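This report concerns only the one structure given below.
Please treat every number below as a calculation from the coordinates, not as lab data. These numbers were taken from a predicted model, which means no experiment stands behind them. When we count neighbours, we look across all protein chains shown, and the Cβ atoms used for this are built from the backbone with ideal geometry, even at glycine.
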Amino acid sequence: MTRASRLDPPDMDPPAGKIEKLRNAVSHHQYRYYVLDEPEISDAEFDSLFRELRTLEEQHPELRDPNSPTVRVGGAVADRFTKVQHQIPVLSLANAFGEEDLHRWRDRLLRLLPEEEHSRLGYVVEPKFDGLTVVLQFDDGRFTLGATRGDGEVGEDITPNLRTVHQLPLQIPVPEANGRGEIQPPQRLILRGEVYVEENDFLSFNQEQAEKGERTYANPRNFAAGSLRLLDSSISAARPLKLWTYQIFVEEGLENRPGSHWDSLEQLRAYGFPVCDESKRFGDDEWEALIEFVGGWDELRTRLPYELDGMVVKVDLLSHQEQLGFTGKDPRWAVAFKTGGEEATTRLLDIGVKVGRTGAVTPNAVLEPVPIGGVTVQAATLHNADYIEELDIRIGDTVLVKRAGDVIPKVLRPIKELRDGAERLWQMPRECPSCSERLERPPEEAATYCVNNACPDQLVRKVEYFVSRGAMDIVGMGSKQAELFVDEGRVKTLADIYRLPWDEIEEIEGYGEKRIENLRRAVEESKARGATRLLTALGIRFVGSVVAELVMANFRSLQDLMSADLETLSEIEGIGPKIAEAIVSYFSLEPNRALVQSFADLGVDLTMPDRDRGDSTGDLPYLGKTFVITGTLPTLSRAEAKERIEAGGGKVTGSVSSKTDYLLAGEKAGGKLEKARQLGVPILSEQEFLQGVNLKE
Ligand code: IVH
């Protein structure tokens with residue numbers, strides 16, 4: 001029997017029957033794709049189902065349904081959000097900072113629960129997701145209301161925006177989600193979840209926005225929150241929002257309610273909700289193991305592609321939860337575990353400045369070394385002169401520093417109460433620290449620039465960017481080499497990278513023959529990257545990889561682009577006046593035109609691939625292959641590995657199944673490695689992966 005036929009509802013009149021059948025099929029496949037990450041059909045097949053459904057719905061407006069899977073594209077524009085009173089107040093969690101606090105929490109449970117219950121005491125530990133809390137309501141299985149937390153009593157109705165979140169089921173159970181036959185939805189279900197954005201998605205979104213000269217967000221959490229509160233839900237629909245659900249608050253009209261939190265998570269999964277599988281259950285006799293597991297959260301958060309705000313420990317049995325109840329605003333049966341936090345105070349010893357690729361000069365803090373979240377921090381960004389002035393940050397101040405995940409630490413504010421009068425005001429220097437040329441601050445800009453195009457520091461940054469992966473991708477050439485070549489005067493313009501005298505370089509200390517040869521080959525190979533990459537690599541303001549692609553789709557070569565005028569550029573879809581102007585002004589400068597000419601003379605490919613030649617598949621070693629990445633890789637970040645796989649035509653999913661073609665495993669690989677072994681999924685080390693060996697036919 002095919003899957004589709006199992007989705008057939010009993011005989012119904014067309015088109016109602018057909019629409020229902022299609023809605024079930026589309027919901028089912030959205031679930032397979034977005035929640036399980038295990039699609040059963042190709043994107044093309046899915047698109048055709050989706051299109052057919054949308055056409056039918058357009059032809060039959062009388063059969064419209066706000067919960068049809070086609071609503072995920074959003075649409076309605078509101079002028080404000082309606083307030084909603086929460087049926088159950090949305091409470092927060094008490095914090096436990098460190099082990100001691102956790103022991104105290106358990107002691108209290110043991111005091112409050114009757115002796116005879118102690119042997120039944122158990123816990124569930126789960127990640128504390130760092131996104132935006134949402135309250136979701138389902139009536140008779142249909143998604144009826146989604147709200148923000150608000151002040152805990154009254155939130156905002158963001159139902160239309162939530163409908164665009166692909167992982168949120170609009171109808172439960174999702175057809176065939178549970179795979180264990182029919183289950184009935186409760187009359188009313190109210191649950192809580194967290195809408196979040198993966199770090200990679202956040203970074204690429206911000207990058208694209210910056211390239212377009214549009215607003216960026218400070219962190220994934222702000223991004224998720226901002227996206228859910230857009231008045232035009234079609235814009236939310238285009239944001240990569242994801243969802244975890246973690247707690248049921250109301251479940252009415254169900255005969256067999258789960259008796260434990262663990263079972264209710266299982267039940268949420270069966271309905272088709274996304275539930276994180278990093279959670280773990282412990283008996284009270286396993287308390288020590290629980291402590292160890294909770295302590296592993298620092299490792300967990302570096303492994304997961306989204307941000308965590310700690311771990312939550314919950315009492316497992318719902319009857320125990322009821323007995324324990326609440327204190328003021330927190331449940332006694334749950335606690336959020338965090339390590340000391342990601343902020344610390346330390347002394348600001350000095351303020352230095354660093355010259356960037358565009359000549360922008362940014363002040364940075366020289367700090368008395370301080371451990372934050374397991375890493376010693378001794379430098380942090382201070383953004384720009386206005387930031388320092390507005391916050392009144394002075395040299396010698398005790399300052400609050402924040403380090404979140406892998407991002408550059410930043411100085412949040414001075415602790416003015418601790419001043420002793422010896423602190424000094426800081427001023428942006430007048431001269432460039434690298435080339436001593438004059439610094440300038442254009443009116444209406446927050447940044448200060450070094451005006452010297454030949455400034456060595458600026459050039460080093462330009463070279464770093466030119467050779468980076470998204471640009472010319474010259475492996476083996478990094479900051480060290482850039483600095484060295486600029487310092488020695490071997491690289492004076494970007495084109496000099498292609499004029500490096502390899503025979504002389506052989507004499508540099510620490511450079512073996514093999515290393516030189518690899519570098520020489522990488523430089524040589526990069527000549528063939530083509531016009532889009534080269535345009536990206538030039539580092540023109542607002543022109544990153546995405547914009548470069550948009551632009552170059554309209555030209556045959558870089559020379560072709562060079563002669564385009566403002567009007568032609570502005571007509572390109574997605575290119576605003578700011579970008580068009582930046583490009584024209586870059587190519588209006590003689591040294592820049594000469595640079596492009598030198599690239600051409602040196603044999604760098606300035607053309608676009610000829611689309612008619614039909615060689616567009618290029619080198620796609622992983623075409624159609626599914627990878628799972630686990631553990632810590634020795635040199636690549638997960639994002640980098642993913643990027644490489646995708647560039648090679650493959651795809652990366654989150655969990656190992658029989659459909660996985662390869663597991664790319666690093667250090668501290670856990671359950672996924674185990675599972676891959678059981679299923680006989682080939683396991684690659686980073687080295688094998690990078691060398692392209694041990695791939696299946
Ligand atoms: S349970 C009655 N579990 O953290 C309280 N909350 O400080 C039940 N959060 O905004 C909350 N991950 O929404 C729970 N796995 C998780 C969570 C979680 C994130 C949020 C929660 C609230 C905050 C509480």
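Computed across the stretch 320-422, the Kirkwood radius stands at 15.8 Å (inverse of mean 1/r, all Cα pairs). For VAL366 and SER598, a Förster radius of 41 Å and the Cβ-Cβ distance give a FRET efficiency of 0.60, rounded to the nearest 0.05.
Compared with the dominant Cα axis of the chain, that is its longest principal axis, helix 577-587 is turned about 30°. Rg and Dmax of the chain, both derived from C-alpha coordinates alone, stand at 28.6, 86 Å. Beyond 30 Å in Cα-Cα separation lie the following of the pairs LYS242/LYS329; LYS18/LYS642; LYS83/LYS338; LYS410/LYS625; LYS21/LYS212: LYS18/LYS642; LYS83/LYS338; LYS410/LYS625; LYS21/LYS212.
Taking other residues whose beta carbon is less than 11 angstrom from the beta carbon of PHE138, and scoring Lys, Arg as +1 and Asp, Glu as -1, yields -2. Computed on the Cα atoms alone, the convex hull of the stretch 362-438 gives a volume of 109 cubic angstrom per residue. Database note for the chain: Cys without another Cys beta carbon under 4.7 angstrom, CYS276. Considering helices alone, the calculated mean residue ellipticity of the chain at 222 nm is -9500 deg cm²/dmol, with DSSP H runs of length four and up weighted by -39500 (n - 2.57) and normalised per residue.
Looking at the stretch 656-697, what % of the alpha carbon pairs are farther apart than 16 Å?
On the way: 272 of 861 pairs.
When every Cα pair of the stretch 656-697 is considered, 32 percent fall beyond 16 Å.
Translational diffusion of the stretch 191-318 was estimated from the Stokes-Einstein equation, with Rh taken as the Kirkwood radius over Cα pairs; at 10 °C and 1.306 mPa s the coefficient is 93 µm²/s.
Which angle from 0 to 90°, rounded to the nearest 10, does the C-alpha axis of helix 513-526 make with the longest principal axis of the chain? Long axis of 513-526 versus the principal axis of the chain: about 80 degrees.
Sorting the segments 274-287, 533-546 by their mean number of nearby beta carbons within 10 angstrom, highest to lowest, gives 533-546, 274-287.
Please give the contour-minus-distance gain from ASP473 to LEU349: 0.36 nm per residue of separation, less the Cα-Cα distance, rounded to one decimal in nm.
Numbers: separation 124, 0.36 × 124 = 44.64 nm, distance 3.73 nm.
Once the chain is fully extended between ASP473 and LEU349, it gains 40.9 nm.
Remark: relative contact order (the chain) = 10 percent; criterion is Cα-Cα distance under 8 angstrom and separation of 6 or more residues.
Going by neighbour counts of Cβ atoms within 10 Å, the residues PHE273, PHE485 line up, fewest first, as PHE485, PHE273.
The calculated Kirkwood hydrodynamic radius for the stretch 409-505 is 16.5 Å, given to one decimal from all distinct C-alpha pairs.
Estimated at 0.36 nm per residue, the fully extended path between GLU266 and ALA238 surpasses their Cα-Cα distance by 7.1 nm.
In units of the compact-protein estimate 2.2 N^0.38 Å, the stretch 125-236 shows a Cα radius of gyration of 1.21.
Count Lys and Arg as plus one, Asp and Glu as minus one, and take only other residues whose Cβ is under 13 Å from that of GLY356; the net charge is then +3.
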